[in-house]
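Chemist: Got a structure for you, questions after.
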Amino acid sequence: MTNRPNAMCEYLNNPRILNVFGFQSQDIQNYVNVYFKNNNESNTLMKKLNNNRSLKLLSHTSLYLRLFCYLSRQDKSSSSNNDKRDEMTLSQLYEILLKSYMKWNWMKSNGLNNKLNDDRIFNVFEMEVDYLSAITWEGLKCGRNY
């Protein structure tokens, strides 16, 4: 599934075009409220999203919003991480989001007790990252955006 319909791969047998609508601002607020069930936590994240144009834009994608909620919960115990994230570039934020997503998959497959640290996460998923990098590079060479 993609939000870039011109990035369809030629090897798909029966591609289907679906219209998936992003979250509206009220949907974002509702999702965050349900995720935290604590007004202080949800208000803190909503304030951060509303004060950062890049974060606000990304939060209209459900996966990113879920990751923001997850990271916000992780930051609850450490205010130093929270301050660092306020000054991050979009590329740095994407790296953190990717690591978080990989950790979720790792814990889902291997159990919650078998945690993986940030330094090793890309080593474990090296094959997947290499594959995605190769697809992206080929797309760039052909003038496509993946």
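The values are calculated or read from the model by the stated rules, or taken from the named source; none is laboratory data. All of these numbers come straight from a predicted model, not from anything done at the bench. FYI the Cβ positions are ideal-geometry reconstructions off the backbone, even for glycines, and counts take in every protein chain you see.
Chemist: Which pairs turn up if I take residues in the range 32-48 that are in the same structural domain as residue 69 (by the TED database) and look for partners that are among the aromatic types (Phe, Trp, Tyr) with beta carbon separation below 6 Å, at least 6 apart in sequence or on another chain?
Modeler: Taking only residues 6 or more apart or on different chains, the pairs are 42/36.
Chemist: Just name the residue that is modelled with the lowest pLDDT out of those in the range 60-109 that are within 12 Å of the chain's Cα centre (by Cα) and not in a helix (DSSP H, G or I).
Modeler: 61
Chemist: Then there's this: Filter the range 30-65 for residues that are within 16 Å of residue 76 (Cα to Cα), exposed (fewer than 14 other Cβ atoms within 10 Å of the Cβ) and of a type in the set (Lys, Arg) and give the result.
Modeler: Matches in the range 30-65: 37, 47.
Chemist: Before we move on, is residue 27 at pLDDT below 85 and either over 27 Å from residue 136 (Cα atoms) or surrounded by fewer than 13 Cβ atoms within 10 Å (Cβ to Cβ) (or both)?
Modeler: no
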